[in-house]
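Undergrad: One structure is given below, represented as structure tokens, and several questions about it will come after.
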Amino acid sequence: MKILSQIQIIFLSIALLLFITSSATPSTYSNQTNLDYIKTSCNLTHYKTLCYISLSPYALAIDSNPQRLAVTALNLTLSSAKSAAKFIKNIPQGRSGLTRFEAGAVADCVEEIGDSVSELHDSIRELDSINYENSSKFEMVMSDVKTWVSAALTDDDTCMDGFNQDGRAKAAVKDLVRRHVVKVGRMTSNALAVINMYASTH
């Protein structure tokens with residue numbers, strides 16, 4: 001009886017394994033392949049964890065396609081930049097908020113991020129117009145895109161310059177702005193790395 005019980009357990013285990021295996025749809029395997037592609041791509045960036053966390057929800061849409069990966073990375077960076085600019089712009093001013101100096105630094109920062117937003121917009125528009133059949137056009141577009149995204153990265157860095165003069169900005173204000181700007185900068189850096197990877201595939 002004991003032996004029969006063990007045989008039944010083994011049989012049930014095999015049946016369960018076969019059921020689980022048969023339940024795995026092609027899309028399950030496909031999505032895992034897409035996730036692996038994103039992970040491999042993110043390993044080429046400076047901020048790997050941020051890259052994977054931000055891009056992995058779009059694995060099926062990206063579908064292991066380097067152009068879609070680059071466009072998605074840029075769109076996510078653009079969204080982050082817009083959110084950061086909105087947040088920084090709305091930091092309260094007045095008695096309990098920003099000083100006059102800090103308000104000026106905030107305005108300069110918002111302007112820099114605004115430039116970054118424009119450059120990211122231009123990059124996305126150009127990537128959407130890629131013509132694979134014309135290699136010289138492809139190279140020209142990729143050169144423009146890399147220039148714009150590099151400029152956006154510089155704008156992100158420049159944003160903090162106004163807060164670093166003579167220690168006139170409160171630490172709390174600087175830290176608040178820095179948290180948002182640093183994330184945008186890191187996402188821009190990752191997007192640039194993905195774009196460089198895309199450019200090298202052609």
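The values are calculated or read from the model by the stated rules, or taken from the named source; none is laboratory data. Keep in mind that this is a model prediction, so the values were computed, not measured. A quick note on method: Cβ atoms are made from the backbone with ideal geometry, for glycine too, and the neighbour counts reach across all protein chains shown. Heavy atoms of the whole protein, side chains included, go into the accessibility calculation; ligands, DNA and RNA do not. Shrake-Rupley method; radii C 1.70, N 1.55, O 1.52, S 1.80 Å.
Undergrad: Counting Lys and Arg as +1 and Asp and Glu as -1, each charge on the Cβ, what is the dipole of region 63-118 about the Cα centre in debye, to the nearest 20?
TA: Once rounded to the nearest 20, the dipole reads 240 debye.
Undergrad: Still on this model: Sequence gap at least 6, Cα distance under 8 Å: using those rules, report the relative contact order of region 53-117 to the nearest whole percent.
TA: Relative contact order of region 53-117: 30 percent.
Undergrad: For L98, what residues show an amide H to amide H distance below 5 Å, using hydrogens built from the backbone and excluding near sequence neighbours?
TA: When sequence neighbours closer than 5 places are left aside, the close amide H contacts are Q93.
Undergrad: Moving on to the next point. Farthest toward the dipole's positive end in region 23-164, which of Y58, C109, S150, given Cβ charges of +1 (Lys, Arg) and -1 (Asp, Glu) about the Cα centre?
TA: Positive-most Cα among the choices belongs to Y58.
Undergrad: Hey, any idea what % of region 80-202's accessible area is carbon plus sulfur with a 1.4 Å probe?
TA: Of the solvent-accessible surface of region 80-202, carbon and sulfur hold 48 percent.
Undergrad: Related question: Please get the size of the charge dipole for region 47-202, origin at its Cα centre, with Cβ charges of +1 on Lys and Arg and -1 on Asp and Glu, quoted in debye to the nearest 20.
TA: 780 debye
Undergrad: Tell me the per residue accessible area of region 51-158 using a 1.4 Å probe; a whole number in Å² is fine.
TA: Counting only protein heavy atoms, the per-residue value for region 51-158 is 52 Å².
Undergrad: I'd like the chymotrypsin sites (Phe, Trp or Tyr not before Pro) in region 122-202 restricted to DSSP loop residues with at most 14 other Cβ atoms within 10 Å, sorted by number.
TA: Here the sparse-neighbourhood loop sites are Y132.
Undergrad: Let me ask you something else. Gain in length, D63 to L176, computed as 0.36 nm per residue apart minus the alpha-carbon separation, to one decimal in nm?
TA: Value of the extension gain: 37.0 nm.
Undergrad: Looking at region 29-183, how many pairs of lysines come closer than 23 Å at the Cα, when each pair is eight or more places apart or spans two chains?
TA: Within region 29-183, the lysine pair count is 19.
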